[in-house]
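Below: the structure, in C-alpha coordinates.
The values are calculated or read from the model by the stated rules, or taken from the named source; none is laboratory data. All values derive from a computational prediction rather than experimental measurement. For neighbour counting, all protein chains shown are included, and Cβ atoms are generated from backbone atoms with ideal geometry for every residue, glycine included.
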Amino acid sequence: MHMATKVIEQMRHCKSCNRLTLQRKNSKQMSWLLHIFLAIITGGIWVIIWLLMLVWHTINKSATALTSSWVCSECGSKN
(Lines give C-alpha, C1' and ligand atoms only; values in the text may rest on other atoms or scores of the structure.)
Protein backbone atom coordinates (compact mmCIF):
# COMPACT_ATOMS: atom_id res chain seq x y z
CA MET A 1 0.00 0.00 0.00
CA HIS A 2 1.18 3.49 -0.64
CA MET A 3 0.38 6.77 0.98
CA ALA A 4 -1.31 9.53 -0.91
CA THR A 5 0.46 12.86 -1.19
CA LYS A 6 -1.55 15.82 0.01
CA VAL A 7 -0.70 19.52 -0.20
CA ILE A 8 -1.26 21.48 3.01
CA GLU A 9 -1.80 25.23 2.76
CA GLN A 10 -1.46 27.76 5.58
CA MET A 11 -1.12 31.48 6.01
CA ARG A 12 2.38 31.92 7.48
CA HIS A 13 4.95 34.66 7.84
CA CYS A 14 7.47 34.62 4.98
CA LYS A 15 10.98 35.68 5.96
CA SER A 16 11.80 36.79 2.39
CA CYS A 17 8.59 38.77 1.76
CA ASN A 18 8.47 39.90 5.41
CA ARG A 19 4.68 39.54 5.48
CA LEU A 20 1.90 37.00 5.89
CA THR A 21 1.57 34.86 2.74
CA LEU A 22 -0.06 31.60 1.66
CA GLN A 23 2.47 28.79 1.97
CA ARG A 24 2.32 25.16 0.83
CA LYS A 25 3.87 21.93 2.08
CA ASN A 26 3.64 18.31 0.89
CA SER A 27 2.30 15.74 3.34
CA LYS A 28 1.52 12.04 3.11
CA GLN A 29 -1.68 10.40 4.29
CA MET A 30 -2.73 6.80 4.64
CA SER A 31 -5.98 5.67 3.00
CA TRP A 32 -7.88 4.66 6.14
CA LEU A 33 -11.08 3.68 4.32
CA LEU A 34 -9.19 1.25 2.11
CA HIS A 35 -7.64 -0.45 5.13
CA ILE A 36 -11.00 -0.73 6.90
CA PHE A 37 -12.52 -2.25 3.76
CA LEU A 38 -9.66 -4.76 3.43
CA ALA A 39 -9.95 -5.69 7.13
CA ILE A 40 -13.65 -6.47 6.67
CA ILE A 41 -13.09 -8.44 3.44
CA THR A 42 -10.27 -10.56 4.93
CA GLY A 43 -12.10 -11.26 8.19
CA GLY A 44 -9.69 -9.21 10.28
CA ILE A 45 -6.43 -10.69 8.97
CA TRP A 46 -5.59 -7.38 7.29
CA VAL A 47 -5.55 -5.71 10.75
CA ILE A 48 -2.04 -7.13 11.32
CA ILE A 49 -0.78 -5.53 8.11
CA TRP A 50 -2.74 -2.38 8.91
CA LEU A 51 -0.98 -2.04 12.28
CA LEU A 52 2.41 -2.45 10.61
CA MET A 53 1.42 0.20 8.06
CA LEU A 54 0.27 2.48 10.88
CA VAL A 55 3.68 2.24 12.56
CA TRP A 56 5.47 2.83 9.23
CA HIS A 57 3.16 5.75 8.42
CA THR A 58 3.80 7.37 11.80
CA ILE A 59 7.58 7.09 11.43
CA ASN A 60 7.54 8.18 7.76
CA LYS A 61 5.21 11.11 8.39
CA SER A 62 7.48 12.36 11.18
CA ALA A 63 10.52 12.12 8.88
CA THR A 64 8.64 13.87 6.06
CA ALA A 65 7.52 16.64 8.39
CA LEU A 66 11.14 17.33 9.31
CA THR A 67 12.49 17.35 5.74
CA SER A 68 9.59 18.98 3.91
CA SER A 69 9.58 22.76 4.20
CA TRP A 70 6.93 25.38 3.62
CA VAL A 71 7.14 27.18 0.26
CA CYS A 72 5.88 30.74 -0.12
CA SER A 73 3.32 31.14 -2.91
CA GLU A 74 4.41 34.74 -3.52
CA CYS A 75 8.21 34.52 -3.84
CA GLY A 76 8.83 30.75 -3.90
CA SER A 77 11.30 30.77 -1.03
CA LYS A 78 11.43 27.91 1.46
CA ASN A 79 10.79 28.79 5.09
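Some points to look at:
- Yes/no for M53 being outside any loop (DSSP other than H, G, I, E, B) and either without any contact (Cβ under 8 Å) to a residue 40 or more places away in the chain or among the basic types (K, R) (or both): no
- Considering region 1-24, the residues that are in contact (Cβ under 8 Å) with a residue 24 or more places away in the chain, under 19 Å from the mean Cα position of the chain (by Cα) and not in a strand (DSSP E or B) include one that is surrounded by the fewest Cβ atoms within 10 Å (Cβ to Cβ), namely M1.
- Failed item, numbered, when S27 is tested on (1) in a strand (DSSP E or B); (2) surrounded by 12 or more Cβ atoms within 10 Å (Cβ to Cβ); (3) at pLDDT 85 or above; (4) of a type in the set (S, T, N, Q): (3)
- Among residues of region 35-79, those that are among the aliphatic types (A, V, I, L, M), under 17 Å from the mean Cα position of the chain (by Cα) and at pLDDT 85 or above, counted: 2
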